[in-house]
Amino acid sequence: MTSSPASTPPPPAALSAFLRGCERRGAVFAELQAGDPERGDVALAATLRAFRAHAAALPLADWPRRFWALLVATPPLRAAAPGARWPPALQPLSLAAPADRAALLLRLVAGLQEDDAAAVLGWTMEAYQQALARACPRGAAGEPDAVAWRGLADAVQQHLRDLPPARLTRLARLREDALAGTRIPPSAPAPLRAPPPQGMERLPAARRRWPWVVLVLALVAAALAATWFWPPAVPGARSPSGAARAGEGVPEAAPALTEPLPAAEAPAARFDAQVAITTHADFELLADPDGEAIARQADFLAWYIAQAGNDPAVPAQEVPHAAP
């Protein structure tokens with residue numbers, strides 16, 4: 001007798017409500033930080049799964065900081081995407097460095113206060129204010145432009161309100177998949193193929209291969225014919241220039257010189273704990289603690305179920321479940 005694996009328990013209502021309230025702002029933050037909505041959604045999906053795995057161990061008051069810290073630390077958001085683009089009203093964001101742009105978006109999109117935004121980035125208040133000042137729009141003389149700042153803030157809020165229904169549906173699916181502990185497989189783009197030579201677009205594949213087959217056969221025939229007419233090698237014979245044939249009178253190669261490498265220098269900087277989590281080689285496994293716990297006890301559970309099936313004295317309902 002076998003038992004089916006225990007299903008994933010439903011998420012708490014508080015966690016579902018929290019992610020529902022963050023998903024729109026998180027998607028817009030990731031999109032404007034990377035300059036690419038698709039790259040932003042990949043970062044958001046990874047953040048939702050990681051936050052679900054660690055939310056139960058955190059007090060509710062720490063949830064906002066941890067969510068935004070995980071999102072900022074995702075690898076897709078550390079730099080702008082190749083071919084990044086921003087709407088015309090949000091073009092000032094393209095002029096800021098990635099770290100300064102993240103500091104600005106934590107205020108305009110996430111709506112965090114300065115102390116919370118500095119804590120999310122792991123910076124001091126002074127460092128955060130300096131980054132915020134660098135990212136602010138400036139006038140022709142280099143002074144902060146209050147009118148441009150207000151226009152940028154209004155454009156960000158309008159972008160938040162104007163997300164299309166299809167995008168909102170996708171965000172809801174990402175949230176539900178994260179709460180259920182599943183993941184969306186990435187769609188691989190079709191490989192690009194070079195266009196066929198001009199004049200051969202409509203030829204069948206077999207007819208296009210014939211010229212190459214004929215060329216290969218001609219080369220093979222030429223090689224066979226050369227073996228009949230090429231003079232055999234005579235030991236000790238020399239070329240017309242008087243040089244010895246290969247293998248005769250060749251000096252030995254000089255010994256290779258080796259030199260030990262200098263000692264390794266200390267790294268200039270190290271990642272913090274938030275970055276270490278999201279860049280871990282087993283990040284997907286760490287984001288699914290329930291599956292990891294079951295997998296670690298799979299051999300014991302299989303043995304116990306087999307013993308319970310052979311021994312009628314052991315009732316089936318006593319088969320232990322994996323520890324959470």
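The values are calculated or read from the model by the stated rules, or taken from the named source; none is laboratory data. Just so it is clear, the model here is predicted, and its values are computed rather than measured. Note: ideal-geometry Cβ built from the backbone for every residue, glycine included; neighbour counts use all protein chains shown.
Report yes if ARG66 is of a type outside the set (Gly, Ala, Ser), surrounded by 15 or more Cβ atoms within 10 Å (Cβ to Cβ) and within 18 Å of the chain's Cα centre (by Cα), otherwise no. Criteria not met by ARG66.
Looking across segment 138-168, the residues that are under 19 Å from ALA110 (Cα atoms) and in a loop (DSSP other than H, G, I, E, B) come down to ASP162, LEU163. Within segment 80-97, not a single residue is out of contact with any Ser or Thr (no Cβ under 8 Å at 6 or more places or on another chain) and under 24 Å from ASP282 (Cβ atoms). Residues in segment 139-165 that are modelled with pLDDT under 90 and surrounded by fewer than 16 Cβ atoms within 10 Å (Cβ to Cβ): GLY139, ALA140, ALA141, GLY142, GLU143, PRO144, ALA146, VAL147, ALA148.
For every residue, the table says whether it meets (1) without any contact (Cβ under 8 Å) to a residue 40 or more places away in the chain; (2) basic (Lys, Arg).
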{"position": "PRO64", "(1), (2)": "no, no"}
{"position": "ARG78", "(1), (2)": "yes, yes"}
{"position": "ALA84", "(1), (2)": "no, no"}
{"position": "ALA97", "(1), (2)": "yes, no"}
{"position": "LEU106", "(1), (2)": "no, no"}
{"position": "LEU121", "(1), (2)": "no, no"}
